[in-house]
1. Need one word for the stretch 1-101: rounded, prolate or oblate. Basis is the Cα gyration tensor (sqrt eigenvalues a ≥ b ≥ c); a/c below 1.5 gives rounded, then a/b vs b/c decides.
2. Quick check: residue separation of R347 and K156 times 0.36 nm, minus the Cα distance between them. What number comes out in nm?
3. Among DSSP beta bridges whose residues both lie in the chain, state the antiparallel percentage, nearest 5.
4. Taking loop as defined by DSSP and a crowding limit of 15 other beta carbons within 10 Å, which chymotrypsin sites (Phe, Trp or Tyr not before Pro) in the stretch 100-152 fit?
5. Which value at 222 nm does the chain reach when only helices count, each DSSP H run of 4 or more adding -39,500 (n - 2.57), with the total divided by all residues and rounded to the nearest 500 deg cm²/dmol?
6. Does the stretch 143-220 classify as rounded, prolate or oblate by the C-alpha gyration tensor (a ≥ b ≥ c root eigenvalues; a/c under 1.5 gives rounded; else a/b over b/c gives prolate, otherwise oblate)?
7. Packing-wise, with mean Cβ within 10 Å as the measure, how do 25-38, 214-227 rank, highest first?
8. What value in Å³ per residue do you get for the convex hull of the alpha-carbon atoms in the stretch 11-65?
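The values are calculated or read from the model by the stated rules, or taken from the named source; none is laboratory data. Since this is a predicted model, take the numbers as computed values, not measurements. Cβ placement follows ideal geometry from the backbone for every residue including glycine, while neighbour counts extend to all protein chains displayed. Heads up: the accessible areas ignore ligands, DNA and RNA and are worked out on the full protein's heavy atoms, side chains in. Shrake-Rupley method; radii C 1.70, N 1.55, O 1.52, S 1.80 Å.
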Amino acid sequence: KNLPLILTPFKLQSVEFKNRIVVSPMCQYSSVDGFANSWHMVHVGQYALRGAGLIIMEATGVQPNGRITPDCLGLWKDEQTAYLKEIVEYAHSQGAKIGIQLAHAGRKASCYSPFSGNGWDKLATTENGGWPDNVVGPSAIQGWPTAGTPREASVKDIKDIVLSFGQAARRAQEAGFDVVEIHGAHGYLIHSFLSPLSNHRNDEYGGSFENRSRLLREVAAEIRKYWPEEKPLFVRISCSDWADGGWNGDDSVKLASVLKSFGIDLVDCSSAGLVPHQKMHGTVGGPSEKAHDHGPGWNVPFSDKIAKSVHDISVAVVGGIQDPQYANTILERKSAHLVLVGREFLRNPTFVADVAKAFNVELNYPLQYNRSK
Ligand code: FNR
């Protein structure tokens, strides 16, 4: 059978994804005390059932104060592992691979969730489950106008956070996940260390490129103590801050070229989220693929550049990918090895079937749903 590239398997380390369509991590703001529950089972389960190659579970706090909101998922204590293990087992029963995105929200922590009724992007008060006095960042610089001003993380804070990433990875391994993704994007802690706009430190975690990327390197190394070599480790980065003086596409290529030495196997290319004055329009890429505000494939120019100039790392891309032909074209052009799809999957959990249909391929649904014969 003549399968389009997007429906062919892709193997990383010893983990094989049955196709190259990945459900992008998306916060559900549906946890109590960081625990997963039946919402997450059904949310993730629908994609496993309907053929996604890999599903990456949402930004998951490695510490309670590393959550974006009080309703975010967490993996900071052993008790949080058990239900995640059930979700993993269900995904595996459907032939899907499953990952989890480990995160620390940094200066964008302790906000209200979008549907809490308290206003999105506002600092959650202690009475409402927030931790407004314990928000940390690389420097005491406010990020989003409605979020808090963080306190500058001490070296001890940083070491504790690094250790927490390792412990969360140990739990992810115990739960049976196939992939761990480090959240290094969207203005959260690791991204805020990378960018000179948010990191004004004078110590070994600030200043030079090497120093600003030290936190990511230490986090990856700590994770690798618990996360076996044969399982892939991803990092999502914001390839550009889309702001003058900020992190940009060239920095991302430079970072991508050292990620393998950090123990990372794949770079997942997103962008933005650090500063409110970001201007997401077109200076990267050729005329046919101008990045523009949330248009189709706005991060493809970045992933393409990385994929074509760094050869020891795999590349994924996210953002505005919802057309089956276009998604496949990204892969055909070698602009990425995997495509991640977010909002289209929220609208349409049968996206993988749509891709199959677009290429006249029959998808193997579970026996329970197979009524065609
Ligand atoms: C997101 N996004 C996101 N990104 C991430 O790295 N971790 C996360 O937990 C979340 N959470 C999240 C929740 C919701 C409801 C949305 C819509 C988005 C960003 C997401 O993964 C993706 O990068 C963007 O939505 C762009 O891709 P699409 O939606 O254009 O395919």
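1. prolate
2. On the way: separation 191, 0.36 × 191 = 68.76 nm, distance 4.30 nm.
Extending this stretch completely gives an extra 64.5 nm.
3. So the antiparallel bridges amount to about 10 percent of the total.
4. F115, W120
5. Values: 11 runs with 115 residues, N = 373.
The per-residue figure over the chain is -9000 deg cm²/dmol.
6. Numbers: a/c = 1.99, a/b = 1.64, b/c = 1.21.
Because a/c hits 1.5 or more and a/b exceeds b/c, the stretch 143-220 counts as prolate.
7. 214-227, 25-38
8. 99 Å³
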